[in-house]
Amino acid sequence: MSLYRQAGRRSGWLAAAVVVALLVGFGIGFAVARATAEEPTVEEAVARVQEEAGATADALELVAIHYETTEAAAGQQLQRAEESFDEVRPELQLLSPEETADAGRAIERLATLVDRSASAEQVERAAEEARAAVRRAAGLR
């Protein structure tokens, strides 16, 4: 009978067991953290949508300002406003479907005027109407 043991075999299994235990512990901790994470309240969700819609309304206001300088700059600003509106539109439709549709139509009218090189007064009026429509859809009177 031999009194010698091979030292390498046991430490490999021990290291593997420690790694597996750490991974399992991390997985359980992550799952518990996700399960107990607070969902935003309705008020918080509405406030977030209103903030995003406010940014869209501000972008629409800039269309008229840029239009007085160059139509190209106004077109770029309008594109940013349209993209911003497209991002917030699904949530706005949940809040106010009819007013969201009105806002979409107002933005389309503004885009048509910019594309047709309408007068600055027409673009300014349409930009204000689109801005107000987006704010109404978000409940930002």
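List of remarks:
- First in the range 80-106 and basic (Lys, Arg), second anywhere and assigned to a helix (DSSP H, G or I), Cβ under 6 Å, 6 or more apart: 80/59
- Check on residue 34, within 30 Å of residue 101 (Cβ to Cβ) and either modelled with pLDDT of 95 or more or among the basic types (Lys, Arg) (or both): no
- Condition broken by residue 135, with the remaining ones in (1) exposed (fewer than 14 other Cβ atoms within 10 Å of the Cβ); (2) in contact (Cβ under 8 Å) with a residue 12 or more places away in the chain; (3) not hydrophobic (A, V, I, L, M, F, W, C) satisfied: (1)
- Cβ-Cβ under 8 Å pairs, at least 6 apart or on other chains, the range 37-56 side in the same structural domain as residue 89 (by TED's automatic domain parsing), far side loosely packed, with under 13 Cβ neighbours inside 10 Å and not in a helix (DSSP H, G or I): 48/40
The values are calculated or read from the model by the stated rules, or taken from the named source; none is laboratory data. All values derive from a computational prediction rather than experimental measurement. All Cβ positions, glycine included, derive from the backbone under ideal geometry; neighbour counts span all protein chains shown.
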